[in-house]
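What follows is a single structure, written as structure tokens, with notes after it.
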Amino acid sequence: MQLSTFDITEGKLEAFKASIEKSVTFTEENGPQLLVEVYIDEENMQAHSCQIQPDSESILAHWDMSEPYIDDVMEACTMKRLDIYGQPNDEVMAGLEELAEKIPVTVTPHFTGFSRFQTQI
């Protein structure tokens, strides 16, 4: 699971919303994520994104296919932090290390739990 926090650039709320809508629509149709949810606190000009990926390979696939959409979103905001829950592989960790040079990034290993998501057939 990935939780991201963004500061929305002053005067760019509508551009941010439009780019997020476009990105989420693309991801729903093409991405490997099991879940993507975005929350916007307009009063404080912040946004939060939650994504659930089945594994590290899906994170890498998401990074590859989503780059143009992410670039569009980032024109209207600044990423403030990224929190990863799970055990990413070495390739994902290398990508996260690059990001951690710019913003706080945490990785918390999974301990226990369950899911009520239905298996896709």
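The values are calculated or read from the model by the stated rules, or taken from the named source; none is laboratory data. Only a predicted model underlies this, so the values are computations on that prediction, with no experimental measurement involved. Methodologically, a virtual Cβ is constructed for each residue, glycine included, from the backbone with ideal geometry; neighbour enumeration extends over all protein chains shown.
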Handout entry: Scope the stretch 1-22; condition of a type in the set (D, E, K, R), part of a helix (DSSP H, G or I) and touching a residue at least 40 places away in the same chain (Cβ under 8 Å); matching residues
Key = Lys22
Handout entry: Unique residue being at pLDDT 95 or above, within 20 Å of Thr5 (Cα to Cα) and among the hydrophobic types (A, V, I, L, M, F, W, C) when the list is Ile70, Ile103
Key = Ile103
Practice task
Considering each of Thr25, Thr112 in turn, give the residue that is without any contact (Cβ under 8 Å) to a residue 40 or more places away in the chain, assigned to a helix (DSSP H, G or I) and among the polar types (S, T, N, Q).
Solution key: Thr25
Practice task
Kindly list the number of the only condition in (1) over 13 Å from the mean Cα position of the chain (by Cα); (2) surrounded by 15 or more Cβ atoms within 10 Å (Cβ to Cβ) that fails for Val24.
Solution key: (1)
Exercise for the section: Just name the residue that is farthest from His62 (Cα to Cα) out of those in the stretch 31-47 that are within 15 Å of the chain's Cα centre (by Cα) and outside any strand (DSSP E or B). Expected result: Leu34
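One line per residue, one yes/no per condition, for (1) modelled with pLDDT of 95 or more; (2) touching a helix residue (DSSP H, G or I) at 6+ places or on another chain (Cβ under 8 Å):
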position	(1), (2)
Asp7	yes, no
Lys12	yes, no
Ala18	yes, no
Pro32	no, yes
Val38	yes, yes
Ala61	no, no
Ser66	no, yes
Lys80	yes, no
Problem - Selection from the stretch 33-66 of residues that are in contact with a Ser or Thr (Cβ under 6 Å, 6 or more places away or on another chain) and surrounded by fewer than 16 Cβ atoms within 10 Å (Cβ to Cβ) - result: His48
Problem - Tally of residues being touching a strand residue (DSSP E or B) at 6+ places or on another chain (Cβ under 7 Å), touching a residue at least 60 places away in the same chain (Cβ under 8 Å) and of a type outside the set (Phe, Trp, Tyr) across the stretch 82-103 - result: 3
Practice task
For Phe6, state whether it is in contact with a Lys or Arg (Cβ under 8 Å, 6 or more places away or on another chain) and not β-branched (Val, Ile, Thr).
Solution key: yes
